[in-house]
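Since the structure comes first, as structure tokens, the remarks are kept for the end.
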Amino acid sequence: MKLSELYWHRITPLHILLWPLSVLYRFFTLFKKLCYWLDIFPSIKLPVPVILVDSISITDGGKTPLLLWLVDLLLAQGYRPGIITRGHAENSAPPAAVAPNIGKDQISDSRAILLAHYCGESCPVWIGNDRAAVAQALLNAHPECNIIISNDGLQYFRLERDIELVVVDFSEQSFGNGLLLPAGPLRAALSDSSENRIIVTNNKQNHYVDLSKSGKTYNMKLINETAYNLLHPEMHKAISDFRNESIHIVTDSENAQWLSDLVQNLGLNAELLSYPENYRFVQKEINFAETDIVLMPEENALLCKVFAHDRLWAIPSKAWINSELQTIVLNKLKNKPVM
């Protein structure tokens, strides 16, 4: 267990020291934003609209399924989006395209691979440590793109954004004690709002928080009810159909909690093995002699495709979105210049 998990999900005596640090953290973030707004720090405005998709917490919180929903929406409306991502903190590479099929020497960022897997043919996915440089490199390589979607960067003000889709996941793992870093897992306060920000909530029934200062919010529900065979993706099954099978579930720590809940809710005969976040899996970690089925979150399973066996099944996460959100996003885009 990470040290932060000991106090991010509760209030402890340690918060006497941590809460003032959270106040300083918020002040620093707001001051940095003000400096960009006053042009003290130079910002970059792209020739196409930029839509930011991020979580208010340090966890994913459902932002990746939301981004995939957004891509489908934009493609259906005739837009030609491109996706940029910084990847995990260890990524310090220059701008590069992410290939949908991973090899031994390719990038190992699981969410970047997942995005390329779904979107690589319809919209390019690029990664790099400097988001502004990545966006410019993508547009140079794909001049047909007329919208940039940033898969993170809530507090990266150097790249101007036209729309912010901010996910607030109220699960215990993501929202925790509701405090800002380092006292809690949140990177921004719920009361921080802007003209272009749209709040999307997930697991709202688990927590009562006053969102009246955030304006209207839009509900999202994540659906993890089916799995597909990684080597034969045309084969789909309801996860509940594996109830009588011997199962190993292999995941990274980011997905461990909801998979543990899934095992309990469905009464699966499963052993769950969790590895560190951004872990690079190897073949021996999915080979179990006495196991009928190996289940993995889709983003982790795709990293194992080059050495997968026919007992490996991937669990995709799909987003059900309030239909009003589609109208709001498209209306905001109508007034934005598009090449």
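Observations on the model:
- Qualifying residue in segment 197-213 (condition: assigned to a loop (DSSP other than H, G, I, E, B), surrounded by 12 or more Cβ atoms within 10 Å (Cβ to Cβ) and touching a strand residue (DSSP E or B) at 6+ places or on another chain (Cβ under 7 Å)): yes
- Of all residues in segment 218-239 being in a strand (DSSP E or B) and open to solvent by 40 Å² or more (accessible area, probe 1.4 Å), the one that is farthest from residue 285 (Cα to Cα): 219
- Any hit, segment 82-103, residues being over 19 Å from residue 187 (Cβ atoms), assigned to a strand (DSSP E or B) and modelled with pLDDT of 95 or more: yes
- Scan segment 138-155 for residues that are crowded, with 17+ Cβ neighbours inside 10 Å and either assigned to a loop (DSSP other than H, G, I, E, B) or aromatic (Phe, Trp, Tyr) (or both) and the total you get is 6.
- Scanning segment 133-156 for residues that are farther than 13 Å from residue 79 by Cα and of a type in the set (Val, Ile, Thr) yields a single hit, 134.
- Qualifying positions in segment 240-279 - assigned to a loop (DSSP other than H, G, I, E, B), exposed (fewer than 13 other Cβ atoms within 10 Å of the Cβ) and either among the polar types (S, T, N, Q) or touching a residue at least 40 places away in the same chain (Cβ under 8 Å) (or both): 244
- The set of residues in segment 1-25 that are under 25 Å from the mean Cα position of the chain (by Cα) and open to solvent by 80 Å² or more (accessible area, probe 1.4 Å) comprises 1, 2, 3, 6, 10.
- Flag for residue 291 being of a type in the set (Ser, Thr, Tyr) and more than 30 Å from residue 74 (Cα to Cα): yes
- Residue 45 satisfies every condition listed in (1) exposed (fewer than 13 other Cβ atoms within 10 Å of the Cβ); (2) in contact (Cβ under 8 Å) with a residue 40 or more places away in the chain; (3) under 30 Å from residue 276 (Cα atoms) except (3).
- Residues that are assigned to a loop (DSSP other than H, G, I, E, B) and of a type in the set (D, E, K, R) were ranked within segment 39-70; the one that is nearest to residue 175 (Cα to Cα) is 60.
- Going through (1) among the small types (Gly, Ala, Ser); (2) at pLDDT 95 or above; (3) buried (at least 20 other Cβ atoms within 10 Å of the Cβ) one by one, residue 62 falls short only on (2).
The values are calculated or read from the model by the stated rules, or taken from the named source; none is laboratory data. Note that the structure is predicted; figures quoted are calculated from it, not measured. Positions of Cβ are backbone-derived with ideal geometry, glycine not excepted, and every protein chain shown enters the neighbour counts. Ligands, DNA and RNA are stripped out before the accessible areas are found, and what is left, the full protein with its side chains, is counted by its heavy atoms. Shrake-Rupley method; radii C 1.70, N 1.55, O 1.52, S 1.80 Å.
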